[in-house]
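Here's the structure, in structure tokens; my notes come after.
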Amino acid sequence: MKDKSISILKFIGLSFFEPVIRLAVGEDVKKNLTELFRKVILPIVSILLFLLLWHLGAQKLYNIERDFKIETARTSGGEAGITAELKRIEAGESSINSLPSPSSVVTAFNSLIADHKKISAKKIAFLEKVAKTNEKREAQGLKAITYTGRPSFVDQIITSLKTVFAGFILALLLAVPIGMVLGLSETLRSSVNWLIQIFKPVSPVVWFLLVYMIVKTLTLTYDGDVSFIISFIAVGLCAMWATLVNTTLGVSSVDNDFINVAKVLNLSVGQKVFKIVLPSAFPLIFTGLRITVSVAWMVLIAIELLSQSPGLGTFVWEEFQNGANDSNAKIIAAMFVIGGIGFLLDRLMFSVQKLMTFTEA
């Protein structure tokens, strides 16, 4: 049971909890207590220290903006102006949009979840209401009536995940085959290397504009969600380069002894690729894929903002423009959600990499 639990932790990239398992069975208590302190306790302390510094910094910034508003009120209205401004601040009528505190962010996150539940209930009620009407419309060959209300925060997270997944698949389908071809041919590799070096550092904003120019023309008669198509293609093109470079490097670095064995065994090109080249290049390919996932998730926010796709990028921008008392807190909450999902995506790729390569990542 102990060994199985440790293997699972290592597989999913959470090996720092290994000392907890070993301590639970009483194994080498002194050594594992030291490891527990180093790998678990110290990180927890650093998190608490971060939260404390964040709280103190937020309070300091709040006081600076509050004092500025009061001083401005003193200049324009004297003591009466100060009293009026203090009342406005306490009532929330005079918003102070500085860095929100950790507790404000938690409150904002809970508000977003509560809002999601309300919107989901409305959506379910709407679909139940139009269910019979939609049956008749479908029988007549007409489009069903769909819910067009405001998406919730969770809905926007799901949209972003769909976009990044589609972009990742596109990057995979483009980068791995092209990288294999370039890795197998030194002449071809040297011929197109300039193209890779030029396109690799291009900004996601530029990729979005390029994709927009092409897709908007090709979809003039398309009635579906064009913003989603533009978003995932731009994400895929922007994020594919790490996988392309690593696949090329992995394939070109295959041990010559393996290639000679393939010749001796008279393997076909397909057998050579799938039995010799790919297994040898897998570690580097998956390293590139992990980077691609991270880059795709990172650039997604900017691309969604530009394409007006109803995802996290649009949510952050709308809250920034909203300027409500809790807008900053909602933006920070979204930041932590984005970071947490990025971490989980990386852990997922780490697990797939270990499953496919049987090597330490």
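Out of Lys143, Lys123, Lys162, Lys136, I need the residue that is basic (Lys, Arg) and farther than 22 Å from Asp223 by Cα. Which one?
Sole residue among the options that is basic (Lys, Arg) and farther than 22 Å from Asp223 by Cα: Lys123.
From the list Ser294, Ser351, Ser307, exactly one residue is under 24 Å from Ser203 (Cα atoms), touching a helix residue (DSSP H, G or I) at 6+ places or on another chain (Cβ under 8 Å) and modelled with pLDDT under 85. Which is it?
Ser307
When you scan region 15-98 for helices (runs of 4 or more DSSP H) that lie fully inside it, which ones turn up with 3 or more residues that are modelled with pLDDT of 85 or more?
Filter on region 15-98 gives 42-91.
Kindly indicate whether Thr287 is in the same structural domain as Ile198 (by TED's automatic domain parsing), within 14 Å of Met180 (Cα to Cα) and touching a residue at least 40 places away in the same chain (Cβ under 8 Å). Walk me through it before giving the result.
Numbers: in the same structural domain as Ile198 (by TED's automatic domain parsing): yes; within 14 Å of Met180 (Cα to Cα): no; touching a residue at least 40 places away in the same chain (Cβ under 8 Å): yes.
No: the conditions fail for Thr287.
The values are calculated or read from the model by the stated rules, or taken from the named source; none is laboratory data. This is a predicted model, so every value here is computed, not measured. No Cβ is skipped: glycine too gets one built from the backbone with ideal geometry, and neighbour counts run over all protein chains shown.
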